[in-house]
Amino acid sequence: MALMSWLRRLGEREDRPAPAQRVLTHRESSPEESELRDQLAHDPNDEAAFDALVEIVRERADEGTHVDPLTAAPDTRVAQDHAVWALAEELAGKPVAWLPLIVMARLSLAADHEAAMRRLHLACERETTGLALTHAVAMLRDADAPAEAITFGVAHWELASRDPEAASEIIHAALETGRIEEARRLLDSLASAPADLTRTVEAAEAQHA
């Protein structure tokens, strides 16, 4: 999933700024941007449209970036993240929107962990196939919080049991915390476990034995 890759790249940054408190001022929208915004107005969870629009607003944010007086270099990362936050916040108010909530949770996870977790829970309530859960658990794993990832995942396990990717993220979180028996229990509860996931759990069991 393209969004998963983008979110993981976002999470690899060492410094995570606090959420933006204002919407940045932009130039007149291009036809491409207007089309993407129309698509997202219709479906705020359109990953391809959101990803494309994110690239536009990040580039737009660079135009107004100020130079850091200490480094003499523009802090483009903060400006870009603020622009992405503004976009996600604009879309998150729609009752069906879960993707913008995932993005906002990623951006605020370090600065306001409790609020980020509320956004993840709400995203998983709005998205009932397991896709939002996949992103949420992966995000927590990437943040070096596998124990929290499995707790969150198990709380939404009914969704995970219907989605192999969500189940895989939760089971890997269990293995990362050394909870091999729980990983096996979760694996066995799947109607159809992916072969590579089964091999991973079996390898962990063999090593543990």
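Could you give the C-alpha radius of gyration of the stretch 72-209 expressed as a fraction of 2.2 N^0.38 Å, taking N as the number of residues it contains?
Numbers: Rg = 16.7 Å, N = 138, 2.2 N^0.38 = 14.3 Å.
Ratio of Rg to 2.2 N^0.38 Å for the stretch 72-209: 1.17.
Couplings 3J(HN,Hα) of the stretch 183-188, computed from phi: 4, 5, 4, 5, 4, 5 Hz, in residue order, whole Hz [Karplus 6.51 cos²θ - 1.76 cosθ + 1.60, θ = phi - 60°; x for Gly and Pro].
What's the ranking of 175-181, 109-115 by average number of surrounding C-beta atoms within 10 Å, highest first? Show your work: numbers first, answer last.
Values: 175-181: 16.0, 109-115: 14.0.
My ranking of the peptides, most packed first, is 175-181, 109-115.
Taking K and R as +1 and D and E as -1, what net charge do the other residues with C-beta under 10 Å from the C-beta of VAL137 add up to? Before the final figure, lay out each step's value.
Numbers: positive: ARG141; negative: ASP142, GLU148, GLU165, GLU169.
With Lys, Arg at +1 and Asp, Glu at -1, the neighbours total -3.
Taking a ≥ b ≥ c as the square roots of the eigenvalues of the alpha carbon gyration tensor, the stretch 134-209 is oblate, as a/c is not under 1.5 and a/b does not beat b/c.
Each other residue within a Cβ distance under 12 Å of LEU159 adds +1 if Lys or Arg and -1 if Asp or Glu, for a net charge of -4.
Computed over the stretch 115-168, the range of Cα coordinates on each principal axis works out to 25, 22, 15 Å, biggest value leading.
Where a number appears in this text, it was derived from the coordinates with a stated rule and is not lab data. No experiment lies behind these values; they were computed from the predicted model shown. Every residue, glycine among them, receives a Cβ derived from its backbone with ideal geometry; neighbour counts consider all protein chains shown.
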